[in-house]
Amino acid sequence: MKYIYHFVISTALILITMTSCQNKKQVDSIYYNGTVYTVNNHFDKVSAFAVKDGKFVAVGNDKELMNLYDADKTVDLKGKTVYPGFNDGHSHFLGYGLTITTNADLVGTKSFEEVVERVIEHSKSYQSDWILGRGWDQNDWKVKEFPTKEQLDKAFPNTPVVLRRIDGHALIANTEAMRRAGINPQSMMAGGEILVNENREPTGVFIDNAMDLIDRAIPKPTLKQKVTALKTAQENCFAVGLTTVTDAGLDKADILLMDSLQKAGVLKIRVYAMMNPNWENYDYFLPKGPIHTGRLTVSSIKLYADGALGSRGALLLKPYSDEPGHYGLLLHSLSYYDFVCKKAFDAGFQVNTHAIGDSGNRIMLKTYARYLKGPNDMRWRIEHAQVINPADFHYFADYNIIPSIQTTHCTSDMYWAEKRLGPERIKTAYAYHELLIQNGWLINGTDFPVEGISPLLTFYAAVARKDLKGWPPDGFQMDNALTRKEALQSITIWPAKGSFDELFKGSIETGKTADFVILDKDLMQIPESEIPLVKPEATFVEGEEVFGRK
Ligand SMILES: [Zn+2]
């Protein structure tokens, strides 16, 4: 009897198992035994999720998922943490790729002598007609002044050399480069500056729009160079956990190049491409309406209000504290901004304007307000929103204008920003918390290659407001720090919202595309000082592993 009883029980168990097996749904993969930050509306934490056809099909706990699903691949996360794929809300993807593949790297140089040395080294290993470099910053030097061309002329008497400042808002050219560009003492450019010495001769430094005079003469990169640049940039971005990047200003040909590389499967990273304000782009893109292919989003026009603070091009309401009588530069006429805003508004596109100084910001906020009129869901953006007059924060809330910030700019600029702005204006500069509360969300990014590409350093700068050495010990203007939750949202779901893609990506939720990152440590729990040391273990786009730490 006992045996029969046992037999009945076992058969019943087998039957139950068989029927439940039959009822289990087949998926491609199940990830379990992890700490998964979904970044959904409730900021839920789960331990498992299932992926099928590149989408999350279930998100929950281990037992639930194992009971409901069968997968070809089951992955034990062994307690590691998972986040939605990181999204850099403001970067220059192609520019970064070209910089790392064709330019001398001048980041971190301690003097102009060192800059010239690095350029000489670079020219030995990289043959080209024009020698290009990027990344110098006179604020890092002992003599914190713009360099002049003499040393470059000595090292390169016959080869044109053009070296861009870290922020991309100034460059130094040697005499041969200026000769080829046709620069003469009468040369000038609205919205830009050509620095001159006491004899009224150009020193070699060109600021903001004046850089165009030199840029026009530099041979354009070839298609092959661009493809190499994009592939190299993609590889680096995947390795830091990015699954979406932004290109803040592209011409039609480059947008179409990215689209074709994505369609060919060469470029798997998602790109939010802002179009440069030119007729070729308007004629081609505006009549189509915003494009969302999944991999590529084209829904905005990029504008520049002013320059940058480091090169004193940012437009201020009152003169620079360290240069009497100097206000910075407005890069275009007011009527021009109106013209572009009207075009974008009529076509249902976003306007994303670079604005750094308090005057640059005020001009754009007021211009936007004239078109947006009141509450709206157009998601027009102010890129950087760095120095805001206290009287102007309300524009962001009243007109639903979205700040697109770069938290590492704060920790890069904090050493000298007060010199430019003085003790009053600095209080509402890099005011990220104040900006966040205006709409309840904002977009975060790096502006790479102005900063490094890592979203983890963006996260760290947002919460700690310290440099990598832990300075200042109490953080810089901590009233404007973001919480870890906000910082995570600012590099995942919010930039997705910033490109109208939040229903498709940006969180780990059923139905969304399976873009996710596995990190070796828990960003939300570890001591702050350990955040910069966190490493991505693997990065996935649409369920496919695009990076894995060996
Ligand atoms: Zn930028």
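A few points about this structure:
- Taking the criterion of being out of contact with any strand residue (DSSP E or B) (no Cβ under 7 Å at 6 or more places or on another chain) and within 16 Å of the ligand (Cβ to nearest atom), no residue of segment 333-384 qualifies.
- Among (1) within 28 Å of residue 310 (Cα to Cα); (2) modelled with pLDDT of 95 or more - the single one residue 450 does not satisfy: (2)
- Of the residues in segment 515-536, none is among the hydroxyl-bearing types (Ser, Thr, Tyr) and either outside any helix (DSSP H, G or I) or touching a strand residue (DSSP E or B) at 6+ places or on another chain (Cβ under 6 Å) (or both).
- Test: residue in segment 502-512 that is crowded, with 19+ Cβ neighbours inside 10 Å, over 21 Å from the mean Cα position of the chain (by Cα) and within 14 Å of residue 270 (Cβ to Cβ): yes
- Some residue of segment 208-216 being more than 16 Å from the ligand (Cβ to nearest atom), modelled with pLDDT of 90 or more, in a loop (DSSP other than H, G, I, E, B) and over 23 Å from residue 111 (Cα atoms): yes
Conditions tested, residue by residue: (1) farther than 23 Å from residue 401 by Cβ; (2) not in a loop (DSSP other than H, G, I, E, B).
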position	(1), (2)
459	yes, yes
473	yes, no
487	no, yes
496	no, yes
500	no, no
508	yes, no
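- Each residue in segment 232-288 was checked for being touching a Gly at 6+ places or on another chain (Cβ under 6 Å) and away from the ligand (no atom under 16 Å from the Cβ), and 2 of them qualify.
- In a residue-by-residue description of segment 447-460, the property of being without any contact (Cβ under 8 Å) to a residue 60 or more places away in the chain, hydrophobic (A, V, I, L, M, F, W, C) and either within 16 Å of the ligand (Cβ to nearest atom) or within 27 Å of residue 535 (Cα to Cα) (or both) applies to no position.
- Tallying residues that are within 19 Å of residue 353 (Cβ to Cβ) and either touching a Lys or Arg at 6+ places or on another chain (Cβ under 7 Å) or buried (at least 24 other Cβ atoms within 10 Å of the Cβ) (or both) within segment 391-428 yields 9.
- Out of 166, 183, 194, 172, sole residue that is under 25 Å from residue 99 (Cα atoms), of a type in the set (Val, Ile, Thr) and within 16 Å of the ligand (Cβ to nearest atom): 166
- Those residues of segment 451-466 which are over 22 Å from residue 434 (Cβ atoms), crowded, with 18+ Cβ neighbours inside 10 Å and not aliphatic (A, V, I, L, M), in sequence order: 454, 455
- Number of residues in segment 377-432 that are on the phi > 0 side of the Ramachandran plot and aromatic (Phe, Trp, Tyr) equals 1.
- Checklist (1) surrounded by 12 or more Cβ atoms within 10 Å (Cβ to Cβ); (2) within 23 Å of residue 131 (Cα to Cα) applied to residue 238, failing item: (2)
- Being outside any loop (DSSP other than H, G, I, E, B), farther than 16 Å from residue 91 by Cβ and of a type in the set (Gly, Ala, Ser) is a property that does not hold for residue 273.
- For segment 73-96, filtered to residues that are more than 30 Å from residue 498 (Cβ to Cβ) and in contact with a strand residue (DSSP E or B) (Cβ under 6 Å, 6 or more places away or on another chain), the residue that is surrounded by the fewest Cβ atoms within 10 Å (Cβ to Cβ) is 73.
- Residue pairs whose Cβ atoms lie under 7 Å apart, separated by 6 or more positions or on different chains, with the first residue in segment 530-550 and without any contact (Cβ under 8 Å) to a residue 12 or more places away in the chain and the second assigned to a strand (DSSP E or B), are 545/538; 548/538.
- Within segment 260-286, being in contact (Cβ under 8 Å) with a residue 12 or more places away in the chain, small (Gly, Ala, Ser) and out of contact with any Asp or Glu (no Cβ under 8 Å at 6 or more places or on another chain) holds for no residue.
- Residues that are part of a loop (DSSP other than H, G, I, E, B) and in contact with a Gly (Cβ under 7 Å, 6 or more places away or on another chain) were ranked within segment 136-192; the one that is farthest from residue 111 (Cα to Cα) is 169.
The values are calculated or read from the model by the stated rules, or taken from the named source; none is laboratory data. As the structure is a computational prediction, the values presented were derived from the model and not from experiment. With ideal geometry, Cβ positions are generated from the backbone for all residues, glycine too; neighbour counts draw on all protein chains shown.
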